[in-house]
1. What order do you get for 100, 50 when you list them from fewest to most C-beta neighbours inside 10 Å?
2. Suppose the Debye formula is applied to equal point scatterers at every Cα of segment 54-146; what is log10 I(q)/I(0) at q = 0.13, 0.14, 0.20 Å⁻¹?
3. Taking a virtual spin label 7 Å from the Cα of residue 109 along the C-beta vector, which residues in segment 49-71 bring their backbone nitrogen under 13 Å of it?
4. Quote the convex hull volume per residue of segment 29-92, based on C-alpha atoms, as a whole number of Å³.
5. How many angstrom lie between the C-alpha centres of segment 62-86 and segment 130-146?
């Protein structure tokens, strides 16, 4: 009976310690540690209070090349502004256009609601989605962190 307990315990531990499938496994981008607070009452972020809008936060201490933040009808998502399909370089900072962003290197375009590539991928290997950052919102304050 004791052997059965040990076997079941080991089996439980092995299955409970599976890999994290949601981890970001992109060889092109690092995962920088940061925390940034957005006050929606400030003029530069006032548009973000409106559902369906996005802003670019151009701050050297936030992300790799800054971040894009979108308001999805009361919930917020934040994405890295450096194109995920090549290492950061002089053309990898994407530009915001409504609810999409575009890389000037290869003209890759991504949607900010889910981070998916919406243009045709012309590179070699795997096409990567946008790198997402964690977001918490309370009242007029939105915190983005990694």
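1. Numbers: 100 17, 50 9.
Fewest-to-most ranking of 100, 50: 50, 100.
2. Relative scattering, expressed as log10 I(q)/I(0), comes to -0.40, -0.46, -0.91.
3. none
4. Details: hull volume 6.3 nm³, N = 64.
Roughly 98 Å³ of hull volume per residue.
5. Here the answer is 10 Å between Cα centres.
FYI, it's all coordinate maths here, none of it is from the lab. These numbers come from a predicted model, not from an experiment. Every residue, glycine as well, gets a Cβ built from its backbone with ideal geometry; the counts of neighbours run over all protein chains shown.
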